[in-house]
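Structure, as structure tokens:
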Amino acid sequence: MLAVVATTLMGCIGPFADTVDEALQDTPGDYDECCMNAERPLLGKLAGTPITVVTAPDFPGFRVDAVVTTHQFDAATEKKVTWEKDGDGLIAPDDAHDYVLALVAGVPRADKSYPQTVITVGKGTAIYESTPLVDPSDGSRISSVILAVRVPAGQTVLLTAEDPAPGDPAVDLRTGRAVKFPADA
């Protein structure tokens, strides 16, 4: 009985919380992660368009390596990737939305904690928090992952570390530029 309680708590508040939460869904969503230990060529192939290499400063425990915005994934490549959050990937494309993708890579962190990311769409219309550099099957660290979010066309999409405050560093996932987290987000 104690093992069941411990497992449940790990899934509710521990490093597997995102995995357990998303595993209960059985339909595509607006946010997902794929391609553990991916590299830039896969990001470009999935998007079917050239990527932008990011030179923004590192966040605690991770960096944004490259970004790309596309209207539709390359169908053949998408069939070959594994969606890690709930296994269902993103909602199918339509004329009113884009896919914004970021290749996020781990960087050494002295405290060995799991880095967390926050993606904010528009003026806080959607917020996705995740611990992306963790293998959902066993909790081990991975070197990189592709974060994918479906957003209204033209909406600003920012990636920050957890609990962003006005003025904190962020990356604009459409342009790859370093920006400051706005006060009105």
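Given the condition modelled with pLDDT of 95 or more, assigned to a loop (DSSP other than H, G, I, E, B) and polar (S, T, N, Q), answer yes or no: does some residue in region 93-114 qualify? The answer is no; no qualifying residue exists. Cβ separations smaller than 8 Å between residues 6+ apart or across chains give no pair from region 40-61 residues that are under 23 Å from Ala75 (Cα atoms) and open to solvent by 70 Å² or more (accessible area, probe 1.4 Å) to residues that are assigned to a helix (DSSP H, G or I) and among the acidic types (Asp, Glu). Restricting attention to region 137-153, the residues that are surrounded by fewer than 21 Cβ atoms within 10 Å (Cβ to Cβ) and touching a residue at least 24 places away in the same chain (Cβ under 8 Å) add up to 6. Of all residues in region 112-134, those that are open to solvent by 20 Å² or more (accessible area, probe 1.4 Å) have Cβ atoms under 6 Å from Cβ atoms of residues that are assigned to a strand (DSSP E or B), 6 or more apart or on another chain, in Tyr114/Val134; Ile127/Thr120; Tyr128/Tyr31; Tyr128/Ile119; Glu129/Val118.
Each residue in region 89-111 was checked for being acidic (Asp, Glu) and either open to solvent by 60 Å² or more (accessible area, probe 1.4 Å) or in contact with a Phe, Trp or Tyr (Cβ under 9 Å, 6 or more places away or on another chain) (or both), and 2 pass. With respect to the conditions (1) touching an Asp or Glu at 6+ places or on another chain (Cβ under 8 Å); (2) within 20 Å of Pro41 (Cβ to Cβ); (3) surrounded by fewer than 14 Cβ atoms within 10 Å (Cβ to Cβ), Ala75 falls short on a single one, namely (1). One residue alone among Thr69, Thr77 is part of a helix (DSSP H, G or I) and either touching a Phe, Trp or Tyr at 6+ places or on another chain (Cβ under 6 Å) or among the hydroxyl-bearing types (Ser, Thr, Tyr) (or both), and that residue is Thr77.
The values are calculated or read from the model by the stated rules, or taken from the named source; none is laboratory data. Note that the structure is predicted; figures quoted are calculated from it, not measured. Glycine also receives a Cβ, built like all others from the backbone with ideal geometry; neighbour counts cover every protein chain displayed. Side chains included, ligands, DNA and RNA excluded: accessible areas come from the protein's heavy atoms. Shrake-Rupley method; radii C 1.70, N 1.55, O 1.52, S 1.80 Å.
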